[in-house]
Amino acid sequence: MRTALEIANLVRSGELSATEAVEESLASIEAQEPQIHAFNTVVADRALDRARAVDQAVAAGSDPGPLAGVPIALKDNMCTSGIPTTCSSKILDGWKPPYDATIVEKLAGAGAVLVGKTNLDEFAMGSSTENSAFGPTRNPLNPSLVPGGSSGGSAAAVAANMVPLSFGSDTGGSIRQPAALCGTVGLKPTYGAVSRYGLVAFASSLDQIGPFTNTVADAAVAFETIGGHDPRDTTSIPQPVPNVTEALERGADGLRVGVIAEMMGGAIEGFEPEVLARTREAADALAAAGAEVEEVSLESTIYGLSAYYLIAPAEASSNLARYDGVRYGNRVAQGTSTADMMVATRTAGFGAEVKRRIMLGTYALSAGYYDAFYGKAQRVRTLIIDDFNAAYEKFDVLLSPTSPCVAFPFGAKADPLTMYLNDVCTIPSNLAGHPAISVPFRTGANDLPVGVQVLGPMLGEAAIFQAAAVLETAA
Amino acid sequence: MAEALSREEVARVAELAMLRLTDEELETFTPQLAAVLEHAEDVEALDVHGLEPTQHPYPLVNVFRADVVEGFDNRDAALAMGPEVEDDLFRVPPAHGEEP
Amino acid sequence: MSTWETVIGLEVHAELATESKMFSPARNEFGGEPNTNVHPVCLGLPGTLPVVNEKAIELAIRVGLALNCSINRCVFARKNYFYPDMPKDYQISQYDQPLNTDGFVDLPNGTRIRIERAHLEEDTGKSTHIGTSGRIAGADYSLVDYNRAGVPLLEIVSHPDLRSADDARAYVQELRAALVAVGASDGKMEEGSLRVDANVSVRPAGSDELRTRCEIKNVNSLRSLGRAIAYEAKRHIQLYENGERPIQETRHWDEEAGRTQPGRSKEEAEDYRYFDDPDLVAVDPSAEWIEEIRAALPTLPAELRAEWITAGADPELAGTVISRGLGPLVAEATAVGADINKTLNHAANTIDPEELGQLTPDGLAETVKMELDGQLTSTQAKTVLQDLMELGGSAAEIATSRGFEAMDRGELEAMLDQVIADNPDEWTRFCEGEAKLQGFFTGQLMKATRGQADGKVINQLLQAKKNA
Ligand SMILES: [Mg+2]
Ligand SMILES: [Zn+2]
């Protein structure tokens, strides 16, 4: 299938119609969806209508934008007016938001055409997309394996060439890890670079929206399209989006690259040897292209996982309180009182993983434990940021594996803590608010793709795209 | 930091979170949550004294909106999605207890 | 039997007079058809985010300055509890870092009441309980309206420095006057823009212990506040004197029954799981901004009252006018030369603060001046003020069009001579000391002038004729 940039350029020049591009995407979805289950909702008619509007604009001589006619998919936790937004939860099954997320407006403004909403771990809580109330998504490379998560549907849709571009949300690795497991590019931008308005919150201080693509250049144009200040999101950074497309051609000459020792068989255990080998090869490839590569120790990152599994559930426990059966969503039972109804609705509406995290977070915030858990975790976060910032005085970017392992079978990590350990390399960037990108770099066990992660400082997207482009060529 | 999490504590937390757990669920969840909390105890090894907690990775302050009314043209859709609506009001079963 | 002292601390919630809500661009307006002043943000829809209304911060700082508070860098925190009136099932409030702290209010009797804090938060929606009783207990179901959800509130918390129901009422009056004067709130208790909760306990007089307190809610007027405090103090004293003790709980004031009733008991302490709201960032008002706001503040009610009393005003009258929120009007009228006591009198008795209409300080000053010069009787002055409120214009024009020509003293004297001539017996008895006949002659003259004569002038004429 064509890349997003190829489609947009052909549509803008009139050589390909948006309608054809969208029809192709819909056909691919129809053929593979029974096997993969990447989507919760496909909006074929609406997509064709929009595609025709793009074609009319082109015919009328106007430019529909940098993503003209590009079929896209959105993780089903981004609000789309009049289109179901379920978070893959029974509690929101069938809910149609009466408003659009900022990213939806921006993408429509750039000429992109939404074809559907993709599956996820319920409320984005998970690393395998097994926690969806509507059944799991399968890895297009091998349907007996998970696609990763929580944005597994968006990763699979791109990996299976159903769409050239999709979007996920990343709270602890939920874009980068499925990108690695499905062999696509996945970007988590700087916290505040992309508006969260309309993204159903999991953990507000960590959540960021980012793209899945088959090429680094597509990820660059996608980031430039969705980034930028939004007055509806207080935490949105009041600065222009960094220009990253420019950085793609720079090469690696003089780029200072630090390889995180703790994630290369150091203090953190449980990495597959092939994953470590590919990451070393990636470092070598950068060096061969002229980069200065060195190991660097970031001791505090060892504690990222612990801090994350206190902070994220704490914020989630509060963010998910509103699903109470009063104003929207599914009320399960009347009960004899409002409280009864709320308890019945929440008990029946949430899956086990969501309940676990709500309880963990409620506990971490409750009287008597706040200082020991949430308060302490927020200080660990400061430590991690200080450590990163010290490293970025010496390095432009850092390098690590994205995931300790390649795609794994369904049910392989049934124990919650074992599953959580999967996020050990991705979590520190969320805690620090820094950008990071996962690039497919050759294969590991069972010929499955390995993802290499390039990390950068606050608003350092240009540098990570620069390195990512080099890795893409060397892979 | 914490002693092993007890079933009673998990039950109390579920109640605070408006969730009802069966005995079997209590049995499963308690050791699972205890394991995560136990893992979290490794942060004890860290000296974080004198460190400010990080609330936001990108420090912003005084982010305001002007006091301007913005209409919402999709009110009917917002009301239509209520599980039970009567005369444009959201209907709920009777409240017991009082507002805090 | 020992004597008891009542210890009272008040929590006052004031709705701020902004155009839009605290964190949502929906309209902030009292009343309205159900669920019309709503927006995805204040309905708490998934994915929506709060953004702070700058005006609410400014109004809260105005109040903080009026209450002599320190204005601090502050953060918003989430107070988590489930309630159908609250769209997100948490309230955005302020917890350990509030905007305003450590202020005070001086009561007219000189007592200083310390303010612990005045913090910003959002209001809840409103439930109507449907069923035979019309109350929560025994309702069949409830209907929720979110028009009020998200309206900015300033919660003003006093230290337990109040010692009587009278002081508590005076404190709320002072607070309300300050809120109205700085334009932060309309201060209407009956519409719920000002809501008072009272923490009441008692202790042996002279002791400084703090005993178990009860929080009284649902107090909808100053009168109820006084009654509720008096009732609750008495209840505590009776319990102690019977060898029992009150339990800490929330109690509701039942205006009809004239007593407090237990609400939800606090046997299990609430666990609100406060934490800083990750969707919002700190508010750190700059010194320049605070000074700009301070410079624009009007003269505060307490200062006005002190000025007037120094200028010879009746303290009680001054207090009434302040609490009616008419301080600024009177201040402007006196600034252009109106007599202070006469102006206060009209502000206390004639002028309806809700219906000021077209009345300007100049119009008020002109009326008072005409009255003082004898061009208007006090009854006529009231009529002129009513007209000014309704129609506007100048006092002199209204007086003319109403035919309130000042009686020429000579003309009046001639009429009096006629009355004396018509009633010689009465006149003789009056001159011999039958004082009650003064009323008879005044009445006759009023009748003859169709009420347009000034009672004071008549009185002067009568005394002069009698002593001649
Ligand atoms: Mg309170
Ligand atoms: Zn309050």
Subject >> Residues (surrounded by 24 or more Cβ atoms within 10 Å (Cβ to Cβ) and more than 8 Å from chain B (Cβ to nearest Cβ)) located in segment A:350-373 >> reply: A:VAL354, A:ARG357, A:GLY361, A:ALA364, A:LEU365
Subject >> Answer from B:PRO94, B:PRO53, B:PRO59 - the residue that is within 9 Å of chain A (Cβ to nearest Cβ) and either of a type in the set (Ser, Thr, Tyr) or under 26 Å from A:SER204 (Cβ atoms) (or both) >> reply: B:PRO53
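Does segment C:229-243 include one or more residues that are surrounded by 13 or more Cβ atoms within 10 Å (Cβ to Cβ), more than 30 Å from A:THR235 (Cβ to Cβ), among the aromatic types (Phe, Trp, Tyr) and assigned by TED's automatic domain parsing to the domain that holds C:LYS79?
yes
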Original post:
Restricting attention to segment A:382-400, does a residue exist that is part of a loop (DSSP other than H, G, I, E, B) and touching a residue at least 60 places away in the same chain (Cβ under 8 Å)?
Top reply: yes
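Please report, ordered by residue number, the helices (runs of 4 or more DSSP H) entirely within chain B with at least 1 residues that are more than 30 Å from C:PRO25 (Cβ to Cβ).
On the way: elements: B:7-16, B:23-40, B:75-80.
Those helices (runs of 4 or more DSSP H) span B:7-16, B:23-40.
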**OP:** Of all residues in segment A:258-273, count the ones that are outside any loop (DSSP other than H, G, I, E, B) and under 24 Å from the mean Cα position of the chain (by Cα).
**Re:** 5
Original post:
Out of C:LEU356, C:LEU364, C:LEU388, C:LEU344, which single residue is touching a Gly at 6+ places or on another chain (Cβ under 8 Å), without any contact (Cβ under 8 Å) to a residue 40 or more places away in the chain and of a type in the set (A, V, I, L, M, F, W, C)?
Top reply: C:LEU388
**OP:** May I ask you to say which residue of C:ALA396, C:ALA414, C:ALA468 is surrounded by fewer than 18 Cβ atoms within 10 Å (Cβ to Cβ), at pLDDT 85 or above and over 44 Å from the mean Cα position of the chain (by Cα)?
**Re:** C:ALA414
**OP:** Can you confirm whether segment A:97-112 contains a residue that is in a loop (DSSP other than H, G, I, E, B) and within 17 Å of the chain's Cα centre (by Cα)?
**Re:** yes
Original post:
So which of A:THR301, A:THR279 ends up being part of a helix (DSSP H, G or I), away from chain B (no Cβ under 14 Å) and β-branched (Val, Ile, Thr)?
Top reply: A:THR279
**OP:** Find the residue count for segment C:178-194, including only residues that are buried (at least 18 other Cβ atoms within 10 Å of the Cβ) and within 16 Å of ligand 1 (Cβ to nearest atom).
**Re:** 1
Original post:
Considering segment C:336-351 alone, what residues qualify as being buried (at least 19 other Cβ atoms within 10 Å of the Cβ) and assigned to a loop (DSSP other than H, G, I, E, B)?
Top reply: C:ALA338, C:ILE351
**OP:** Consider only pairs whose beta carbons are under 8 Å apart and that are at least six residues apart or on different chains; among these, list those whose first residue lies in segment A:334-351 and is modelled with pLDDT under 95 and outside any helix (DSSP H, G or I) and whose second residue is surrounded by 18 or more Cβ atoms within 10 Å (Cβ to Cβ) and of a type in the set (Gly, Ala, Ser).
**Re:** A:GLY335/A:ALA344; A:SER337/B:ALA95
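Residue-wise test of (1) crowded, with 24+ Cβ neighbours inside 10 Å; (2) within 16 Å of ligand 2 (Cβ to nearest atom); (3) over 16 Å from C:ALA302 (Cα atoms).
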residue	(1), (2), (3)
C:ALA149	yes, yes, yes
C:GLU155	no, yes, yes
C:ARG163	no, no, yes
C:ASP166	no, no, yes
C:ARG169	no, no, no
C:LEU175	yes, yes, no
Subject >> Total residues in segment C:8-24, condition over 19 Å from the mean Cα position of the chain (by Cα), surrounded by 23 or more Cβ atoms within 10 Å (Cβ to Cβ) and either away from ligand 1 (no atom under 16 Å from the Cβ) or within 13 Å of another protein chain (Cβ to nearest Cβ) (or both) >> reply: 5
Original post:
Only one residue in C:GLY47, C:GLY31 is more than 16 Å from ligand 1 (Cβ to nearest atom), more than 11 Å from chain B (Cβ to nearest Cβ) and closer than 18 Å to A:ARG196 by Cβ, so which one is that?
Top reply: C:GLY47
Original post:
Taking segment C:197-221 as the region of interest, how many residues are away from chain B (no Cβ under 14 Å), out of contact with any Cys (no Cβ under 7 Å at 6 or more places or on another chain) and in contact (Cβ under 8 Å) with a residue 24 or more places away in the chain?
Top reply: 16
Original post:
Do the conditions hold for C:LEU194, that is, is it within 23 Å of C:ARG213 (Cβ to Cβ) and in contact (Cβ under 8 Å) with a residue 12 or more places away in the chain?
Top reply: yes
**OP:** Search segment C:352-368 for residues being among the acidic types (Asp, Glu) and modelled with pLDDT of 90 or more, and hand back the single one that is surrounded by the most Cβ atoms within 10 Å (Cβ to Cβ).
**Re:** C:GLU366
Original post:
Are any of the residues in segment C:257-279 small (Gly, Ala, Ser), within 14 Å of another protein chain (Cβ to nearest Cβ) and without any contact (Cβ under 8 Å) to a residue 12 or more places away in the chain?
Top reply: yes
Subject >> Residue under evaluation A:SER128, criteria (1) touching a Ser or Thr at 6+ places or on another chain (Cβ under 8 Å); (2) crowded, with 24+ Cβ neighbours inside 10 Å, criterion not met >> reply: (1)
**OP:** Just one of (1) among the acidic types (Asp, Glu); (2) closer than 30 Å to A:VAL326 by Cβ; (3) within 16 Å of ligand 2 (Cβ to nearest atom); (4) surrounded by fewer than 23 Cβ atoms within 10 Å (Cβ to Cβ) trips up C:GLU122, so point out which.
**Re:** (4)
Original post:
Among A:ALA261, A:ALA203, which is the only one that is at pLDDT 95 or above, of a type in the set (Gly, Ala, Ser) and not assigned by TED's automatic domain parsing to the domain that holds A:CYS87?
Top reply: A:ALA261
**OP:** Please give the number of the condition C:ASP197 fails out of (1) surrounded by fewer than 23 Cβ atoms within 10 Å (Cβ to Cβ); (2) more than 16 Å from ligand 1 (Cβ to nearest atom).
**Re:** (2)
Original post:
For segment C:200-214, what are the residues that are of a type outside the set (S, T, N, Q) and crowded, with 17+ Cβ neighbours inside 10 Å?
Top reply: C:VAL200, C:VAL202, C:ARG203, C:ARG213, C:CYS214
Original post:
Are any residues in segment B:15-39 in contact (Cβ under 8 Å) with a residue 12 or more places away in the chain and among the small types (Gly, Ala, Ser), and if so, which ones?
Top reply: B:ALA34
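The values are calculated or read from the model by the stated rules, or taken from the named source; none is laboratory data. Because the structure is predicted, anything quoted here is derived from the model rather than measured. Here the Cβ is made from the backbone with ideal geometry for all residues, glycine too, and neighbour counts use every protein chain on show.
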